[in-house]
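The values are calculated or read from the model by the stated rules, or taken from the named source; none is laboratory data. All values reported here derive from a predicted model rather than from experimental measurement. When we count neighbours, we look across all protein chains shown, and the Cβ atoms used for this are built from the backbone with ideal geometry, even at glycine.
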Amino acid sequence: MNAPIRENDPTELDRFKRNIDLVDYAERQGYQVKKEGRRGDWHQLEKDGEVLIVTRKADHQVYLNTGDDRDMGSVIDFAKTRGGNGHGLNLGQVRQQLREYLNDGPAPTRVYAAPVDVSRLNALPVGDPDHERQQQEDRKTRLIAEVLGVNKELTDRTYLHGRGITDSTIDSPAFQGRIFTAQQNEHKNTAFPLYNEQGLASIEQKNEHYKNLLPLPKNGIWVSHPTQGKDMPVERVVVSESAIDSLSHYQLKHAQDSRNTLYIATSGTPTEAQVALIQRVIDKQEPKEIVLANDRDAGGRQFNMNYMNELHPARPLVPVADQEAYKEASRPVEWHATSDKYHTALKVSYHHDSAESGAAQVQQLTDRVARMNGTQEAGPTIALEVQRSTERETVLRLSVAKADTAQLEVISQELYRQREQLRPEQERGQEAFIRVDYPQAKDWNRELELTAQGMSAEQIRAQAQLDEQQRAAEREQRQHQRQAEYARSAAMERDEQETRRQYDEQQRQQRVRDNSPETQAERQAEDRRFNQAVLGAAAAAGHKDEETLFRSYRTEQEAAAHTAQFVHARDAGLVLLKEYINDNPPPTGRKVDEAEQAELRDQARYAERPAAAGLPAAPLDEKVATWRIDELEPNTTGRAEAWKEILDSSGYSIRTGEVRSTVDEQGIRRAEFDMTYRNDQPDIAIIHAIVTNTNARAEAGREQYAGVRVVESEADQTARQAAAEAAVIQPHNRDRSLDVAAKPSIEAMAGAQGSEKQLIIKVNEPAIAPGERGQAEALQAAVIGSGAKAGDIQSTTDTDGIRHSEIKVSYHTDQPDIERVSYTLDAVAMQDGNYLIEDSNDRTHRREMSHTQNLKQPCQSLELGQ
């Protein structure tokens, strides 16, 4: 008999995790399984546009919401966030619901594949971190250069004017050098650069119905100049979600309050790195006030709650060993807000000296929540749960429906004041250091638009309510459309399943009829009649043709024996043919597409020839190259499988093994698989081109090849190169971008007509006084002295006093002094503070031509007798 379950048995939660099938539980909540792994190691579930991935972790299942990486966990977390008809459950309610689920009967047992053996991956050599950092830096420089080019300036104000931003705001000194025009072909977008302590970190581009942030780490912020100049102390910092909101806030508010202000924007949801960077700006500028100017919605309120916990007045520097570090103030209470599709939650952590003092602090918060719940007409809206309590720490979780997020913001503001009171007196800061400034409309740009229409504050608030009602109606309409689409898909899937079931049932019944004794007896009788008809037809044909030649036999015994063998073989063949036709009705026929025809041809082409009789088979000399493919974003998968599928469907004589993968601490999946080939295959030159050009393009920084590399031994690479050069089939009929380029001879390179190449030199150096000669001017003179052409120096100076310069350089690969030009450019690249933005193919060609010119000079001297 099972032992009784205690109401708060801590082991019960572990049993729930182990014994409850999360996929089956989710299906009972209305989710549908749309996809699953071939080995059954993951399932994709969908409901109302929400996509969940369920997989296994240790001894239980876990889920991940692909649209919100904070929504994850076990069946306990699933029930807490989605139970109660979407309103969420507390832990006691979760226990009751999961007990009822288990009492309904056991769920289907799912067999998961064994965990992947990562011992081989762990044994692989670790790449050079400096090389990887340089590759990332080169990729960032290339992406930014493609957007901004050489001249960073604002040449098109159409988008800004369309958002209500006036020329006087755009021309303000606070925003000079902080808004550019990005032009690619005929398209023009407005670009907002994001900076960090190392310089330009990324770029956000915007246009009508278009928004794009470069695929780089989001570790920079958009920051203006101080409105009264950098020589005046900054009195206020305004933080908002977008640069457009910052410009709108300035246009609406700055005339009424002209204090020296710095504007900061995060381009959407702030990351941990951005919050830390904002704090360092506060440490440096020492403002008296922080204004949080985020949107008036659940997302903006969540950002404000977290900012109030993370941002502090300027921290002093204190000596630590031989260095200096910022002195952090104590945090007797901390909080952090999160949200999912339906709810907003606030996790509050109290740090105290004793359990008694912690209980008093928690009681103060509990009383405040009770008072707020008591004022709600529809009943309590804030759920409070004590998650953990020790002698030194107490952790609570408060949750509300997303529409009631403002109530948690009120609690956060009280926690902010409570923290200042709990701190030692010497650590207490000014109480009004952080101030929340909400727009009358949804965001500051919408308020700017309505203000320009002549609306009063009351009219703007009324219009904001209408806007919210319209957005809610649109969301509801999209929800109905998604539900209708899911219903149609489910109906079609049910119809397909029913059609397959009916067909399978018909086939089963047909097999039963075909194998019945009556049908077999009828088939045997028909076979006998068929055989008699064939014999009669043969006899009639023999009588009609008297001149037919017959085989002569030496004896009657030989004739009789041969005739018996013929009749037996013929009868047996007819019977087998008849049974085959009955058991396998002729197919109705299907079309074979070109891909299948190519596959069949290749299978016949590369079929292994049988070994000659009496000769031993030669051993196969197979080579193995390992493809290593990394994901570009955390918590993503599928790149390695996509590359493997491309290789498998290429039709060449290669084989790929299973994908092996592991996930690092940052959530990046790193996968690999083996590719097997033989150097004696006729298409070895094409295989060599695939491997060689994949590595070359990855090193050149091509975006689609990022994180892809093929690893093999030098001996295998050399052997394949020799086999490729001698192969009969060369990749001439393939896409020319996949060809293996033959290395030209010295004579051919020397006699070939050169081409003009261009590159950009970037120089970062301390600002110089007017009229002085800096590092950029010295490099410009050196480049011109080498024989190359150098354009004018384009320079800007940032708020930290760093001068950023760019020089456009061009040269011809056939000019006589190409060796000196190449040597000068390489020397410039090695100098600190200099960066060369140059195509990798151009760099290789330049160095080869320099080497060719160096070899050509002695040869010419010998020919001239010098």
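Once segment 368-388 is narrowed to residues that are among the basic types (K, R) and part of a helix (DSSP H, G or I), the residue that is nearest to R417 (Cα to Cα) is R368.
Checked against the criterion of being under 26 Å from D817 (Cα atoms), at pLDDT 50 or above and either surrounded by fewer than 16 Cβ atoms within 10 Å (Cβ to Cβ) or not assigned by TED's automatic domain parsing to the domain that holds E725 (or both), segment 764-771 has no qualifying residue. Which one of the conditions (1) part of a strand (DSSP E or B); (2) closer than 23 Å to R82 by Cβ; (3) more than 40 Å from the chain's Cα centre (by Cα) does P319 fail to meet, given that it meets all the rest? The failed condition is (2). Going by what's in this entry, would V239 be described as among the β-branched types (V, I, T), over 25 Å from N189 (Cα atoms) and not in a loop (DSSP other than H, G, I, E, B)? Spelling it out, it is not the case that V239 is among the β-branched types (V, I, T), over 25 Å from N189 (Cα atoms) and not in a loop (DSSP other than H, G, I, E, B).
Where strands (runs of 3 or more DSSP E) fall entirely within segment 620-711, those with at least 1 residues that are in contact (Cβ under 8 Å) with a residue 40 or more places away in the chain and over 28 Å from T141 (Cα atoms) are at 622-630, 660-663, 669-678.
Of everything in segment 426-450 that is assigned to a loop (DSSP other than H, G, I, E, B) and of a type in the set (S, T, N, Q), the residue that is surrounded by the fewest Cβ atoms within 10 Å (Cβ to Cβ) is Q430. One residue alone among Q502, Q481, Q506 is without any contact (Cβ under 8 Å) to a residue 12 or more places away in the chain, of a type in the set (S, T, N, Q), out of contact with any strand residue (DSSP E or B) (no Cβ under 7 Å at 6 or more places or on another chain) and surrounded by 11 or more Cβ atoms within 10 Å (Cβ to Cβ), and that residue is Q481. Scan segment 191-213 and tell me whether some residue there is touching a strand residue (DSSP E or B) at 6+ places or on another chain (Cβ under 7 Å), within 25 Å of V291 (Cα to Cα) and part of a loop (DSSP other than H, G, I, E, B). Within segment 191-213, none of the residues are touching a strand residue (DSSP E or B) at 6+ places or on another chain (Cβ under 7 Å), within 25 Å of V291 (Cα to Cα) and part of a loop (DSSP other than H, G, I, E, B). Please work out if R501 is charged (D, E, K, R) and farther than 28 Å from V410 by Cβ. When the stated conditions are applied, R501 passes them. Please find, within segment 648-666, the residue that is surrounded by the most Cβ atoms within 10 Å (Cβ to Cβ) out of those that are among the charged types (D, E, K, R) and modelled with pLDDT under 85. Out of the qualifying residues, it is D648.
For residues that are among the hydrophobic types (A, V, I, L, M, F, W, C) and over 14 Å from R392 (Cα atoms), scanning just segment 332-347, find the one that is surrounded by the most Cβ atoms within 10 Å (Cβ to Cβ). Per the stated criteria, the residue is L346. Hey, any hits in segment 416-430 for a residue that's at pLDDT 90 or above, touching a helix residue (DSSP H, G or I) at 6+ places or on another chain (Cβ under 9 Å) and among the polar types (S, T, N, Q)? So far as segment 416-430 goes, no, none of its residues is at pLDDT 90 or above, touching a helix residue (DSSP H, G or I) at 6+ places or on another chain (Cβ under 9 Å) and among the polar types (S, T, N, Q). Here is a check on your reading of the model: is R669 charged (D, E, K, R), assigned by TED's automatic domain parsing to the domain that holds W627 and either surrounded by fewer than 16 Cβ atoms within 10 Å (Cβ to Cβ) or within 14 Å of W643 (Cα to Cα) (or both)? No: the conditions fail for R669.
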